[in-house]
1. Pick out the one residue from THR333, THR297 that is in contact with a Leu (Cβ under 6 Å, 6 or more places away or on another chain) and either outside any helix (DSSP H, G or I) or closer than 26 Å to MET161 by Cα (or both).
2. Any idea how many residues of segment 313-322 are farther than 14 Å from SER19 by Cβ and surrounded by fewer than 17 Cβ atoms within 10 Å (Cβ to Cβ)?
3. Give me the residue from segment 169-204 that is hydrophobic (A, V, I, L, M, F, W, C) and in contact with an Asp or Glu (Cβ under 6 Å, 6 or more places away or on another chain) and, out of that set, surrounded by the most Cβ atoms within 10 Å (Cβ to Cβ).
4. Mind checking which pairs have a first residue in segment 86-110 that is within 18 Å of LEU241 (Cβ to Cβ) and a second that is aromatic (Phe, Trp, Tyr) and assigned to a helix (DSSP H, G or I), Cβ under 7 Å, 6 or more apart or different chains?
5. Could you run through segment 390-406 and say how many residues are surrounded by fewer than 24 Cβ atoms within 10 Å (Cβ to Cβ), in contact (Cβ under 8 Å) with a residue 60 or more places away in the chain, within 22 Å of SER72 (Cβ to Cβ) and touching a Ser or Thr at 6+ places or on another chain (Cβ under 9 Å)?
6. Restricting attention to segment 396-419, which residues are aromatic (Phe, Trp, Tyr) and over 17 Å from ASN265 (Cα atoms)?
7. Is one or more of the residues making up segment 257-266 on the phi < 0 side of the Ramachandran plot, over 25 Å from the mean Cα position of the chain (by Cα) and of a type outside the set (D, E, K, R)?
8. Tell me, yes or no, whether segment 210-221 has at least one residue that is crowded, with 18+ Cβ neighbours inside 10 Å, touching a residue at least 24 places away in the same chain (Cβ under 8 Å) and of a type outside the set (A, V, I, L, M, F, W, C).
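The values are calculated or read from the model by the stated rules, or taken from the named source; none is laboratory data. What you see is a predicted model; the values in this text were computed from it and never measured. Glycine gets a Cβ as well: all are built from the backbone with ideal geometry, and neighbour counts include every protein chain shown.
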Amino acid sequence: MWPPLPSRYGFLPRFFRLSLASVLSNMMVPLAGLVDTAFLGHLADIRHLAGVILASILFDYLYRVLKFLRSSTNALTAQATGENDSQAILLAGLRSGLIALAIGLAIILLQYPIQQVGFAILGGSQEVESSGLEYFYGRIWGAPAVLINFVLIGWFLGREMNQVVLLLALIGNGANVLLDYLMIFQWGWASAGAGWATALSQYLAMVTGLVVAALTTSRQDFWRALPHLRDWPALREAVALKGNLLVRFLALISTYAIFTNLSSNLGTITLAQNGLLLQIALLSQFTIQGVGLTTQTLTGNFKAKGEVEYMLPLLLVSLATTLPIALGFAGVTVLFPQTVFGLLTSHGEVSGQITDYSFWLVPLLQLTAVAFMLEGYFIGMKEGTILRNMVLLAFGVGFLPLALSATYLHSNHLLWLSLLGYMATLAIGLAAYIPGRLKHLAPALPLETTEGLEQSS
């Protein structure tokens with residue numbers, strides 16, 4: 001059906017160059033979070049660790065949900081790059097940047113009601129909540145920088161400017177580690193120090209990204225693009241894609257937020273154990289997302305150029321790359337639990353029994369790899385409606401019934417099974433659409449390629 005092997009996999013060097021930069025930049029984020037956890041986990045009072053884990057639920061909503069800004073910017077920029085449309089490339093970044101700035105400022109202005117509603121919903125003791133509030137009020141001031149960084153990373157990845165993405169990650173997250181050490185250990189700010197360190201490091205990364213964007217954009221192109229910012233048909237298309245991706249991120253983060261919140265109902269020790277296991281899961285997910293972003297970028301680029309013959313091989317290569325990565329993270333955690341969790345906390349009551357639940361990481365991370373690659377595939381094709389419908393199905397059917405049952409039965413194992421239910425439902429649902437979408441795109445194949453396919457069949 002497809003062209004000979006060397007031809008259909010000719011994108012491999014490009015794929016791995018992009019993936020390396022994306023993976024390294026994505027790993028920096030959870031690695032910095034692990035450093036936060038490690039610093040706080042070695043303080044004498046466990047409430048700082050539990051408080052930050054609890055408060056992080058709000059930032060999962062505020063920041064991880066809003067990562068649709070990165071994904072949508074990446075998809076729009078990649079297709080514009082494939083069409084060699086310099087004005088569309090610039091407009092993709094400008095429109096998304098203005099939206100990010102507006103949302104970031106709104107978050108700062110609404111920080112008090114966000115805190116009131118958020119902590120009213122979240123569980124935890126008074127001491128744990130107090131520590132979480134200190135973290136919240138430090139980190140919240142970084143909202144505009146975080147969202148603009150999402151746009152910058154998506155824009156640079158769409159243009160395949162790998163080195164810039166890696167530079168932003170190194171500067172921002174390296175600063176976060178240094179500031180964590182100063183503010184938590186040296187200055188004794190505990191939870192508040194972790195929050196301020198994260199916020200300040202994001203502004204440093206943002207300034208770096210804006211400087212690079214200015215240096216790589218001509219003033220003439222910038223002024224020519226400004227009048228087209230209010231192109232309503234283009235805006236409607238961009239907003240529709242962003243809206244569908246917002247639902248995707250909201251469903252995913254709601255799943256993990258509910259999981260964490262229900263963990264708190266099972267006790268402080270269970271909350272801490274599940275929080276540490278989720279740190280490993282998130283480290284794997286951020287790594288996998290790096291490959292997913294590459295899949296997204298190349299899918300959009302291939303579609304724009306009419307190089308549809310590469311799209312199925314791209315998906316297969318993405319899966320073959322991410323499944324071993326996910327297995328590696330889970331395997332190290334299951335085989336060497338004392339080493340892994342000993343680095344994150346010195347509290348024996350937390351690390352001693354965490355192996356009772358760590359085996360759940362093996363199937364969870366494998367299913368997550370499949371689901372994330374398929375999501376990147378559909379985002380790259382700008383098929384936001386399909387993705388939106390499937391994540392709602394995964395949340396409402398695959399996750400929620402099991403999670404509520406886990407609370408009723410007071411079972412942490414059933415709670416972990418609910419995460420598997422979400423990822424399995426999403427992966428199966430998206431996979432079912434693949435044959436139809438490829439068949440739909442087949443007429444876009446170049447004439448000579450179509451003739452070659454007919455002869456080979």
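1. Numbers: THR333 fails: either outside any helix (DSSP H, G or I) or closer than 26 Å to MET161 by Cα (or both).
Criteria check complete, one pass: THR297.
2. Here the count works out to 1.
3. First, the residues of segment 169-204 that are hydrophobic (A, V, I, L, M, F, W, C): 169-171, 175, 177-179, 182-185, 187, 189-190, 192, 194, 196-197, 199-200, 204.
Then keep just the ones that are in contact with an Asp or Glu (Cβ under 6 Å, 6 or more places away or on another chain); that gives 192, 194, 197.
Details: ALA192: 21, ALA194: 31, ALA197: 28.
Restricting to residues being hydrophobic (A, V, I, L, M, F, W, C) and in contact with an Asp or Glu (Cβ under 6 Å, 6 or more places away or on another chain), the top hit is ALA194.
4. Between residues of segment 86-110 that are within 18 Å of LEU241 (Cβ to Cβ) and residues that are aromatic (Phe, Trp, Tyr) and assigned to a helix (DSSP H, G or I), the close pairs are LEU90/PHE222; ALA92/TRP155; GLY93/TRP155; ALA100/PHE150.
5. 1
6. Kept after step one, since they are aromatic (Phe, Trp, Tyr), are these residues of segment 396-419: 399, 408, 416.
The one that is aromatic (Phe, Trp, Tyr) and over 17 Å from ASN265 (Cα atoms): PHE399.
7. Step one: of segment 257-266, the residues on the phi < 0 side of the Ramachandran plot are 257-266.
Next cut, over 25 Å from the mean Cα position of the chain (by Cα) only: 265-266.
Restricting the remaining residues to those that are of a type outside the set (D, E, K, R) gives 265-266.
Yes - at least one qualifying residue is present in segment 257-266.
8. No: zero hits.
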